[in-house]
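None of the figures in this text is laboratory data; all of them are computed from the coordinates on show. All figures in this text were calculated on a predicted structure; none of them were measured in a lab. All Cβ positions, glycine included, derive from the backbone under ideal geometry; neighbour counts span all protein chains shown.
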Amino acid sequence: KNVNIKKSTSNHEDISTKISAPYSFLAQAFAIIADTSSRITIINILCNMLRVLIIHAPSDILPTLWLCSNTIGASYKGIELGIGPLVLTQALTAVSGATRQKLHQLYKDHGDWGDVAYAVKTSVRTIVEPKPLTITGVFDTLHTVASVEGKGTVNEKCKHIQRLLLAAKDNEARYIVRTCVGNLRIGAVGTTVLIGFARACVLSLTPPLASSLPLSSQQQDTMKLLYRNPNDSKDELIQKMKIAEGLLKECYAQCPNWDVIVPWLLKCGDIKRIFEQCGLTVGVPLRPMLGQITKTMSNVFTKLRSRDFVCEFKYDGQRAQIHMDARGNTHIFSRHLEDMTDKYPDIVRCLPHIKKERTGSFIMDAEIVAINENGKILPFQILSNRERKNVTIENIKINVCILAFDLMFLNDSSLLQLSFRERKLLLKQHFQPVENKFNFVSSIQASGTDLEEQERMQEFFEQSVNEGCEGIMVKVLDHPTSIKSGARNQDPLATYEPDKRMESWLKIKKDYLEGTGDSLDLVPIGAWYGNGRKAGWYSPILLACYNPDNDTFESVCKCMSGFTDKFYKEMKHFYNENDSQQRILDHPRHDYITDFQPDVWFDATEVWEIKGADITVSPMHKGGVGRVDENKGLSLRFPRYLRTRSDKTIYDATTSDILTAMYSNQKNLQQQQHHEEKK
Ligand code: ATP
């Protein structure tokens, strides 16, 4: 209501205009969002805020979407602000006159640097009114901060942050600082922002002037579909928004970069045409497809009844998405889309040799595993010791092999809509093994549900475990329409579905055969001081799963086994109070949900793979609270640490939904066993 933005004439004519809204507009929206836990309200606020910008300051859309996403650029671009407590305290001292001690005390009281900035700024009086900050201005300054490197980095970064903080008023200081530390604490996660933006496009984007873009009559027709029309009924509008949300989600999974999507959307003005420019692109990592956990072999046969499928070894390495364009430029991306090309110069060198004739550009899904001189696959721990920085072919100590399992793009065309059988065939037709460097994953084809087939699969599973793998992946080969009769409506397609955990990919891990269920990926959020032999270290550790619906971490167990003394020492160092990273908090973060009161709280930073006996309902733990019981959560009994998952971020941790599904599966299994015993 109170925002004063100079009005531009039309969002399409004016995309190049640099009219920027005040940053206070965004900061106010963040503050209102932080005050509510209602997802509907959050989406409405985001949507309305973006609508205002679409109409009045379209060039602010891009910075706003990044700032709402807790970052300033796509993860594969490797843009890092690099602002730690050192830069922040220096900038805040300069701006407010508060001493370091005072700032640290305030941090201990609030547990958040944004709140510290807010507290010290409110007591500062300025004689000369600074020029108001703009959204684009803040965003550009943060980019400048990220680009600073070399000698004197801290002072240089500090200078820029100081300038922002000097001009910041009220909530602005809070959210600038929270952006600097990468945690806005507003409970609006990626999908919420995406939905808000899709709705804003339907409600406020307008078709471009017909003359400005050559549109076919069919395109003109589709355009009509996704704009708000004054005559639209409520239902029609809701329908349009649903279509737009689906399209934007799909597009973002294939091309997770607002820098590509937003300029195109503002130019063409039609969310329906989003895939013309923002589909799968070599050099831009897509979000990987994921597998569903399956607890029993017999579940596979129930789920995949009458479908043809393949079983593949599930290697225990690092997932790699390999991109090569027609000119041979290569990128290797990690599971969470970081560019790790520099870590693997040996792979880059080998790639031209894996291509057969007529193979041009491609995007391939693969697992990288460590191998010894005889080509034997080594455990993940060895691979995780591979050097990360300044790797040259000459200094490589740990050799690796690529094991390819999917092909998503070939010779300028997306293969996502093809069936797995077709993609697999193209993979084999266009690529060839290179000894100890590149191969296809070991696999067998299966179909039907007869006993012989089940035994063959069981044997393959055992073989995979004997060769050091985690288990097997079972993948549907064909779309249901092309299969024999007996297909069910809900049968999954055999397409490659970016960013989805699909039933067409099932994973069975050896943990299941040990009879104790799948492991969980949990986030350490707190700890108690150890006693006896463990005095001086942290033990037990409080671990949490992730709830993407409210962006919270819900405690699941207290873990005290599986750790070595060396690990305890390293952990202490990692979380130590004196560490400049400030990983120890005096208060739980606002997004921690638990009834426990550990001696220290950890800032959620890493993911640990934890194995337990079974999952039970707990009054104190809050994993998936509200799903099985209104007030009680789920907890993992007898947890044991297996390893640190450095390939996962805290947002890749086991979700409350998966935890609940595991609990239900376990209950079904127990009932089944009980039933069989009775029989
Ligand atoms: P996990 O924690 O079990 O590794 P995840 O969440 O990383 O799982 P999922 O899709 O659930 O991902 O499990 C498949 C993972 O297993 C992939 O991310 C990949 O790194 C690895 N993998 C190993 N072999 C294969 C294979 N043949 N097909 C697919 N993924 C494989």
Query raised in the report: Can you tell which of 532, 636, 626 lies farthest toward the positive end of the dipole of segment 531-642, using +1 and -1 charges on the Cβ of basic and acidic side chains (Lys, Arg; Asp, Glu)?
Result: 532
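Between residue 561 and residue 235, take the C-beta separation as r, use R0 = 51 Å, and let me know the FRET efficiency to the nearest 0.05.
That pair, residue 561 with residue 235, gives E of 0.35.
For a quick protection proxy, order the peptides 37-49, 307-319, 358-370 by their average other-Cβ count within 10 Å, most packed first.
Put in order of decreasing packing, that is 307-319, 358-370, 37-49.
Tell me, in nm to one decimal, what length is gained between residue 456 and residue 599 on full extension, where the rule is 0.36 nm per residue of separation less the Cα-Cα distance?
Between residue 456 and residue 599, full extension yields an extra 46.3 nm.
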Query raised in the report: Could the peptides 332-340, 251-259, 383-391 be put in order, highest first, of the mean number of other beta-carbon atoms found within 10 Å of their residues?
Result: 251-259, 332-340, 383-391
Query raised in the report: What base-10 log of the normalised intensity I(q)/I(0) is obtained for segment 282-342 from the Debye formula, alpha carbons as equal point scatterers, at q = 0.12, 0.13 Å⁻¹?
Result: -0.48, -0.54
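Using helices alone, I'd like the mean residue ellipticity at 222 nm for the chain: each DSSP H run of four-plus residues gives -39500 (n - 2.57), total over residue count, nearest 500.
When only DSSP H runs of four or more count, the value is -11500 deg cm²/dmol.
Treating only the Cβ atoms of Lys and Arg (+1) and Asp and Glu (-1) as charged, compute the dipole magnitude of the chain about its Cα centre; round to the nearest 20 debye.
Dipole about the Cα centre, nearest 20: 1000 debye.
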Report summary line: Quick calc, residue 109 & residue 620: beta-carbon distance into FRET formula, R0 22 Å, rounding 0.05, result 0.25
Report summary line: In whole percents, the bins of 20 Å from zero upward hold the Cα-Cα pairs of the chain as 16, 48, 33, 3, 0
Report summary line: Most packed first (mean Cβ within 10 Å per residue), the peptides 78-88, 59-69 order as 59-69, 78-88
**Report entry** Per-bin percent of Cα-Cα distances, segment 282-430 [10 Å]
**Finding:** 10, 37, 34, 16, 3, 0
Query raised in the report: Can you list the aspartates and glutamates whose alpha carbon sits under 17 Å from that of residue 500, skipping same-chain ones fewer than 8 residues off?
Result: 245, 250, 365, 406, 491, 549, 652, 657
Query raised in the report: Mind checking which lysines have their C-alpha under 26 Å from residue 267, skipping anything on the same chain fewer than 8 residues away?
Result: 6, 7, 18, 77, 224, 240, 242, 249
Requested in this report: Please give the length that would be gained between residue 329 and residue 501 if that part of the chain were fully extended, namely 0.36 nm times their separation in residues minus their C-alpha to C-alpha distance (nm, one decimal).
Outcome: 58.9 nm
Query raised in the report: By the scheme Lys and Arg +1, Asp and Glu -1, what is the net charge of all other residues having a beta-carbon under 13 Å from that of residue 416?
Result: -3
Query raised in the report: Each label point is 7 Å from the Cα along the Cα-to-Cβ direction; what then is the distance between the points at residue 125 and residue 342, in nm?
Result: 5.0
Query raised in the report: Once fully extended, how much extra length lies between residue 19 and residue 376, figured as 0.36 nm per residue of separation less the alpha-carbon to alpha-carbon distance?
Result: 122.5 nm
Query raised in the report: When the Cα centres of segment 286-319 and segment 376-412 are compared, how far apart do they sit, in Å?
Result: 23
Query raised in the report: Using a simple spin-label model with points 7 Å from Cα along the Cα→Cβ vector, what separation in nm is obtained for residue 48 and residue 573?
Result: 5.2
Requested in this report: Determine the relative contact order of the chain: mean sequence separation of Cα pairs under 8 Å and six or more apart, normalised by residue count, in whole percent.
Outcome: 11
